[in-house]
1. Just checking, how many residues over the range B:157-205 are under 30 Å from A:HIS218 (Cβ atoms), more than 14 Å from chain A (Cβ to nearest Cβ) and open to solvent by 20 Å² or more (accessible area, probe 1.4 Å)?
2. How many residues, within the range B:270-285, are more than 9 Å from every other protein chain (Cβ to nearest Cβ) and surrounded by fewer than 20 Cβ atoms within 10 Å (Cβ to Cβ)?
3. For A:LYS250, state whether it is within 11 Å of ligand 2 (Cβ to nearest atom), at pLDDT 95 or above, within 14 Å of chain B (Cβ to nearest Cβ) and open to solvent by 30 Å² or more (accessible area, probe 1.4 Å).
4. Do any helices (runs of 4 or more DSSP H) lying entirely in the range B:118-219 carry at least 1 residues that are within 14 Å of B:ILE105 (Cα to Cα) and not aliphatic (A, V, I, L, M), and which ones are they?
5. For the range B:19-46, how many residues are charged (D, E, K, R) and open to solvent by 10 Å² or more (accessible area, probe 1.4 Å)?
6. Restricting to the range B:115-144, count the residues that are buried (at least 22 other Cβ atoms within 10 Å of the Cβ) and in contact with an Asp or Glu (Cβ under 8 Å, 6 or more places away or on another chain).
7. If B:GLY16 passes every condition in (1) crowded, with 22+ Cβ neighbours inside 10 Å; (2) at the interface with chain A (Cβ under 7 Å from one of its Cβ atoms); (3) touching a Pro at 6+ places or on another chain (Cβ under 9 Å); (4) under 30 Å from A:VAL136 (Cα atoms) but one, which one does it miss?
8. Out of (1) open to solvent by less than 30 Å² (accessible area, probe 1.4 Å); (2) of a type in the set (A, V, I, L, M); (3) away from ligand 2 (no atom under 11 Å from the Cβ), the odd one out for A:LEU228 is which?
Amino acid sequence: MPKLNLAIYWAAACGGCDVAILDLDEKILNVAEAANIVLWPIAMDYKYQDLSLLPKDSIDVCLFNGAVRNSEQKELAEILRERSRVMVAFGSCACFGGIPGLANFSNREGILKRVYKTSPTTVNHEGILPQAETAVPEGTLTLPAFMNRVYTLNQVVDVDYYLPGCPPPPDLIWTAVEAIVSGNLPPKGSVIAGTKSLCDTCQRVKEQKNLKGFVRPHEIIPDPEKCLLEQGLVCCGPATRDGCGHRCIKANMPCRGCFGPTGNIHDQGAKLVSALTSILQATTKEEARQAAETIVDAAGTFYRFGLPDALLQRVKRREQA
Amino acid sequence: MKRITIDPITRLEGHGKIEVFLDDAGNVAKAYLQIPELRGFEKFCEGRAAEEMPRIVPRICGVCPEAHHLASAKALDSLWQVDPPPAAKKLRELFYCAHFIHSHIAHFYALAAPDFVVGPGADKSQRNILGVVAKVGLETGTQVIKHRSYAQKIQAMIGGKATHPVCGLPGGMSKPLSEEERKHIEAMAMSCVDFAKESLQIFEDVVLKNNEYVKLILSEMYQLAPYSMGLVDGNNRVNFYDGLVRVVDQKGQEVAKFASHQYPDFIAEHVESWSYLKFPYLKNPGWKGIMEDAESGILWVGPLGRLNAAEGMATPMAQKAYEKMYGALGGKPSRATLAFHWARLVELLYAAERMLELSQDPEITSTDIRRLPTAIPREGFGIVEAPRGTLYHHYQTNEQGILEKVNIVVATAHNYAAMNISVDKAAKGLVKNGELNQQALNMIEMAFRAYDPCFGCATHTMPGSLPVDIKIYNSQGEPWINLPW
Ligand code: SF4
Ligand code: SF4
Ligand code: SF4
């Protein structure tokens with residue numbers, strides 16, 4: 001069988017997705033046997049110039065991780081899309097925006113000001129900010145433009161498959177690799193993960209308790225056997241796609257939703273609001289208000305990994321348009 | 001003026017590019033290491049609940065998420081003024097030793113070794129971990145993969161996930177270690193000690209026994225003399241998890257020693273318009289530009305910076321390796337950039353030895369691993385040694401523990417000025433009369449690669465608070481309540 005051409009690229013990413021590929025351990029050698037890696041900046045020395053020499057559709061699969069945050073990343077997404085037959089949004093940042101997507105709570109100016117002007121250790125009397133072009137004695141130095149918001153990969157280019165997780169677990173990566181190598185690909189648009197919700201497969205004991213309010217993770221030592229939500233901790237399990245192996249839950253910490261919403265959920269945050277409010281025991285508006293106040297930073301919790309992909313964000317965009 | 005652009009620079013974490021300007025004779029006028037990216041964690045963490053930070057900040061870097069996780073957990077201990085029980089601290093340190101093992105193995109074998117084992121001038125299709133495996137043999141290759149995987153397993157066991165762990169909370173840890181897990185870790189730790197010793201042996205055989213490489217390590221273009229900074233214990237020995245920050249000068253004299261809350265008195269950051277990454281420096285003597293001069297507060301952190309800043313290692317075999325290294329390099333502090341690789345392996349041995357010690361500590365399986373905070377939060381500081389150097393987290397909150405201000409100064413940034421000088425020096429030493437080849441270009445990259453930079457970390461800086469208005473309707477579809485979020 002001819003070797004596949006594989007490209008692995010990171011945009012606004014943390015590198016954890018690349019490490020997750022290394023976490024295939026000895027199977028990484030099987031990947032190398034089945035594929036020529038034509039771009040992988042963390043591990044290989046191919047440059048953008050090498051990439052630009054590749055013809056259209058010459059990359060069989062591109063695993064694209066990270067969100068799209070600046071002009072260079074957008075351009076690379078476009079170049080890679082044009083050259084790739086199959087584009088995989090790899091990891092939660094590429095799929096839904098991920099943690100870097102929380103930046104959509106603010107704008108370009110707010111970020112630049114805090115980072116380069118008002119942080120307590122920064123000394124910048126001239127108020128210098130990074131510029132697209134800077135004249136230095138020897139010539140001109142250029143930088144990509146920092147965009148006003150964070151985009152998911154499919155907001156920038158067409159995506160064929162989604163592999164969620166922050167980072168995706170090695171067993172799912174291997175499932176995807178096998179599907180790719182064997183040519184046994186699911187329908188376009190498929191999410192390579194579970195179909196149920198995390199709660200559906202969670203081993204913790206659920207008793208349908210009613211709550212008066214919520215507690216924060218540092219305020220209690222939860223029982224390791226019982227449902228965390230029923231112990232009063234906000235757990236995103238009801239609105240999160242299964243497939244991670246309950247990694248946080250097993251460490252006695254509530255889920256924060258990194259696998260994104262299950263297929264039938266339109267908006268992960270909205271679903272969480274309805275799930276959480278349904279277990280609250282509030283008969284009057286006052287009780288409901290008091291209970292709601294026990295959830296701090298609801299937006300940052302319910303949209304921890306998916307703000308750029310959320311309904312909320314779309315509303316904002318339409319307003320701006 | 002002609003220019004050579006290396007874009008992207010490769011075999012590192014994150015994004016970067018090098019611009020080399022040539023004069024009319026084709027010699028290097030100046031080389032710049034630019035960081036083209038910014039994310040902005042300082043800003044978008046505002047408005048978040050402080051206790052969530054250990055689960056948010058690891059996304060600054062997926063190669064050293066544990067460093068951010070623990071710096072954050074320590075900042076929360078300080079924010080809520082709660083001291084974790086001794087077993088929790090030991091568990092954190094054990095977890096952290098495993099992290100160093102993963103990170104140092106990944107850097108040495110996957111990112112750095114291709115330059116030495118395969119060779120700096122080898123074809124780029126070979127200059128990678130697969131080329132290394134082809135060269136050292138599948139057996140050694142398998143050992144490398146196995147031990148990095150052990151380190152990841154141990155982190156996942158304690159932290160829930162190897163990448164982006166969840167175990168750290170103000171006042172302790174989320175889950176105790178079972179006796180069965182402990183035994184498993186102990187066995188893996190023993191194997192890691194042997195593997196670390198073998199790695200030092202490989203370094204000796206492949207690098208130190210090769211005159212070309214030794215000449216390279218000692219050549220002037222790979223030398224630099226900045227200040228060195230790192231955490232030390234009560235005996236001035238290297239410590240990754242706790243202690244005071246110690247800074248030594250170019251002669252090895254201590255010039256500063258401070259606790260986490262004092263960091264703004266010692267560290268400041270400079271901004272240049274041609275990079276998204278800031279340049280941290282020592283406040284005293286101050287910023288004098290990107291130049292190699294004792295008058296300028298430019299720093300070295302990371303393995304060599306740490307070993308330079310300390311007086312030794314806290315475990316016996318690592319101490320021996322430390323003495324051997326400085327003996328060969330001609331004393332302390334070392335100026336050899338490429339000796340970062342050697343120092344990294346000395347630390348690999350320390351991390352493995354310390355991991356074994358901790359896994360055999362009777363207290364490590366204690367279930368007393370959490371204190372619930374009672375104080376009202378306001379301001380917290382957390383420092384750890386990331387594999388790439390000293391990492392500072394600083395949080396300010398309101399009385400509910402909601403973040404109002406966040407400042408993070410990461411390891412790689414401390415090295416940014418030094419890396420720029422190293423890249424410039426290497427370029428000047430390697431590109432002459434307009435002649436350049438692939439080997440020279442790669443050897444310019446070797447100048448920054450020694451530092452194991454993580455520009456993912458360095459460009460963490462992203463934005464905070466979205467007013468959400470949630471209306472709940474009753475079963476008849478009538479508006480019932482507006483939730484105040
Ligand atoms: S999905 Fe998670 S692991 Fe992957 S790049 Fe984003 S933050 Fe890092
Ligand atoms: S809410 Fe969380 S702990 Fe409870 S069943 Fe769902 S996933 Fe498990
Ligand atoms: S438990 Fe939730 S947050 Fe944790 S890995 Fe699974 S999906 Fe992600």
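1. The qualifying residues number 4.
2. Of the residues in the range B:270-285, 2 are more than 9 Å from every other protein chain (Cβ to nearest Cβ) and surrounded by fewer than 20 Cβ atoms within 10 Å (Cβ to Cβ).
3. yes
4. Helices (runs of 4 or more DSSP H) meeting the threshold: B:138-159, B:179-203.
5. The total comes to 5.
6. 2
7. (2)
8. In the conditions (1) open to solvent by less than 30 Å² (accessible area, probe 1.4 Å); (2) of a type in the set (A, V, I, L, M); (3) away from ligand 2 (no atom under 11 Å from the Cβ), A:LEU228 misses (3) alone.
The values are calculated or read from the model by the stated rules, or taken from the named source; none is laboratory data. Computed from a predicted structure; not experimentally measured. Neighbour counts are summed over all protein chains in view; Cβ atoms, including those assigned to glycine, are modelled from backbone coordinates with ideal geometry. For the accessible areas, the whole protein counts, side chains as well, though only heavy atoms, and no ligand, DNA or RNA atoms are used. Shrake-Rupley method; radii C 1.70, N 1.55, O 1.52, S 1.80 Å.
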